[in-house]
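Undergrad: This is the structure, below, for whatever I ask next.
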Amino acid sequence: MAVNRDNKLKTEKSQRDYALVCAARDNGDEQAYAKLMSYYKDTLYLMLLRMCGNADDADDMTMETFRKAFCQLELYVPTNAFSTWLFSIGANTFIDHVRKNRINTISIDSAKDDDESPSMIHRMPASTPNPEEAIISVQRAEQLREVVKQLSPKYRSVIELRYYQELSYEEMSERLNLPLGTIKVHLLRAKQLLADILRNIQDQI
């Protein structure tokens with residue numbers, strides 16, 4: 001497939017992603033969809049986990065982000081990296097999630113109080129951040145690293161190898177000399193612990 005290299009696709013990674021986007025968009029190539037998801041699912045999940053502090057919500061928003069992205073691939077213009085475009089959709093998905101919860105909260109409270117009552121105002125969530133603010137908060141990688149340091153060594157190591165060094169499960173298994181199944185269990189538990197820490201931090205704000 002011929003890939004347009006005149007759209008500021010400076011890196012091999014950008015060119016690879018654009019080739020996959022073209023294959024998925026123009027030919028419905030299921031393998032192209034799967035590869036794009038495999039490249040960015042974990043990083044997107046960690047971004048959304050940092051935003052919401054809830055592992056289940058982060059999982060749901062990760063899948064919703066890919067659904068939205070794959071349904072509108074024709075809108076992707078390769079002047080920016082595919083990952084930048086994808087994470088922007090992820091940030092907006094988070095914003096939609098917050099707004100939906102805010103509306104639900106208002107709806108529930110309205111059944112008990114008048115809209116202008118003090119108790120109603122007290123229970124309304126804080127104003128929703130815009131996507132730019134959400135992206136900026138996620139990019140504060142050092143803050144997240146400090147949170148990761150609170151994990152025990154065995155859980156911290158799998159987070160760092162998977163998300164910071166971007167190793168595959170097989171590479172992690174070899175590096176840590178642990179069975180593949182153990183690696184997956186440790187990573188799942190580490191993400192749950194990380195979500196708990198982030199949730200506690202948010203509760204204290």
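Undergrad: Anything over 23 Å Cα to Cα? Flag those among 154/191; 35/184; 100/149; 13/191; 100/184, in the order listed.
TA: With Cα atoms farther than 23 Å apart: 100/149; 13/191; 100/184.
Undergrad: With each pseudo-label sitting 7 Å past Cα toward Cβ, what's the residue 27-residue 13 distance in nm, one decimal?
TA: Output for this residue pair reads 2.5 nm.
Undergrad: Rounding to the nearest 20 debye, state how big the charge dipole of the stretch 140-205 is about its Cα centre with +1 on each Lys and Arg Cβ and -1 on each Asp and Glu Cβ.
TA: Details: 11 positive and 9 negative charges, 33 e Å.
With Lys and Arg at +1 and Asp and Glu at -1, about 160 debye.
Undergrad: Give me the net charge of residue 167's neighbourhood, meaning all other residues with Cβ under 12 Å from the Cβ of residue 167; Lys, Arg count +1, Asp, Glu -1. Provide the component values of the computation, followed by the final result.
TA: On the way: positive: 162, 175; negative: 42, 160, 166, 170, 171, 174.
With Lys, Arg at +1 and Asp, Glu at -1, the neighbours total -4.
Undergrad: So, one more: Give the span of the stretch 140-205's Cα atoms along each principal axis, as three whole-Å numbers ordered largest to smallest.
TA: Its Cα atoms span 40, 20, 15 Å along the three principal axes.
Undergrad: Within the stretch 23-40, list the residues whose amide N lies under 19 Å from a label point set 7 Å along Cα→Cβ of residue 74.
TA: From the stretch 23-40, the list is 23-30, 33.
Undergrad: Find the relative contact order for the stretch 140-205 and round it to a whole percent, using C-alpha pairs within less than 8 Å whose residues are 6+ positions apart. Provide the component values of the computation, followed by the final result.
TA: Details: 38 pairs, mean separation 23.4, N = 66.
Relative contact order of the stretch 140-205: 36 percent.
Undergrad: Below 14 angstrom from the Cβ of residue 27, what's the summed charge of the other residues (Lys, Arg +1; Asp, Glu -1)?
TA: Working: positive: 25, 35; negative: 26, 29, 30, 74.
Residues near residue 27 contribute -2 overall.
Every number in this text was worked out from the coordinates using simple rules, so none of it is lab data. As the structure is a prediction and not an experimental result, all values here were calculated from the model. All Cβ positions, even for glycine, are placed from backbone atoms using ideal geometry, and neighbour counts span all protein chains on display.
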